[in-house]
Amino acid sequence: MRQGMRKGESFPWGELLGYLSRKLVDMAGIQQYRLPRDLCCVLDELLKVMERGPEDKGTILQRVATSAQECKACGLHKFRNKVVVGEGNPDAEVVFVGEAPGEEEDLQGRPFVGAAGKLLDRIIEAMGFRREDVFIANVLKCRPPANRTPKPQEVEACQHFLMEQLRAISPKIIVSLGSVATNALLGSQQSITRIRGQMTQWEGVAVMPTYHPSYLLRYPEKKKEVWEDMKKVLTFLGRPVPKRGQGSNPSEES
């Protein structure tokens, strides 16, 4: 630890954490002072992270992808063809989060590539973005059988992958598509019809809940409401709403 600090010098939190971690790990070895095993593991991992230095976004996202590919934390791994980790720009301003892969996604290993994905692509383009400008992911990385709604224990087992991705990307705003994605981010049990269009936050990052594209395929009259939500997203980002003709407004499509 440093003995003194110059005026204006930031406090060396990294050194302090390293010092405390080593002391606690050392103390855990003393018979009369035992730390919980989980805490020891966390401290050991902290020391390893500090030794190798900060990871860049690409490294973190690749590590998450590798871990997800190997995951067997819930029963869904028995039915999957491919793990659908997510894709897009690691420096994206906007991240779109759905609930789980569907049939086409499970076959291709990519998120939102079926009918709902094509509609999401049109929404993204109408906002003035390209698909490669944003990041797209799901709460679950494996497809539930017959596209059923994810079970709470499946969300609990898998959502940490999404959280790691979001922390690495650090977007300006997250668009949560449907109730499963919204409730996973907010830790709530709210109906999407009640919270849709209301700006909220996840770990200090803005979140805009809206309807899932698959819902819009069944109820196309709801596209206008989603487009109003996307206009709020653009306003939040300080971006202009594309005029008619610059982007295909999904609310005008049948």
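Summary of values
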read-out	value
Only listed residue being in the same structural domain as Glu70 (by TED's automatic domain parsing), free of Cβ contacts under 8 Å to residues at least 24 places away in the same chain and among the small types (Gly, Ala, Ser), chosen from Ser214, Ser191, Ser170, Ser176	Ser191
Subset of the range 174-205 (residues that are buried (at least 20 other Cβ atoms within 10 Å of the Cβ), in contact with a strand residue (DSSP E or B) (Cβ under 6 Å, 6 or more places away or on another chain) and either modelled with pLDDT under 95 or not in a helix (DSSP H, G or I) (or both))	Ile174, Val175, Ser176, Leu177, Arg196
Hits in the range 59-105 (condition: outside any loop (DSSP other than H, G, I, E, B) and within 16 Å of Pro145 (Cβ to Cβ))	Gly75, Leu76, His77, Lys78, Glu103, Glu104, Glu105
Near pairs, Cβ below 7 angstrom, 6+ apart or cross-chain, from the range 123-137 (free of Cβ contacts under 8 Å to residues at least 60 places away in the same chain and outside the structural domain of Pro213 (by TED's automatic domain parsing)) to any residue that is surrounded by fewer than 20 Cβ atoms within 10 Å (Cβ to Cβ) and in a strand (DSSP E or B)	none
Looking only at the range 143-160, and only at residues there that are of a type in the set (A, V, I, L, M) and under 18 Å from the mean Cα position of the chain (by Cα), the one that is surrounded by the fewest Cβ atoms within 10 Å (Cβ to Cβ)	Ala157
The range 63-111, subset farther than 17 Å from Ile136 by Cα and touching a Pro at 6+ places or on another chain (Cβ under 7 Å), residue surrounded by the most Cβ atoms within 10 Å (Cβ to Cβ)	Leu76
Candidate set from the range 217-233 (those that are part of a helix (DSSP H, G or I) and without any contact (Cβ under 8 Å) to a residue 24 or more places away in the chain); member that is farthest from Ala181 (Cα to Cα)	Glu221
Residues within the range 216-234 that are of a type outside the set (D, E, K, R) and surrounded by fewer than 17 Cβ atoms within 10 Å (Cβ to Cβ), tallied	3
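The values are calculated or read from the model by the stated rules, or taken from the named source; none is laboratory data. This one's a predicted model, so the numbers in the text were calculated from it and none came from an experiment. Reconstructed Cβ throughout: ideal geometry from the backbone, glycine too, with neighbour counts over all protein chains shown.
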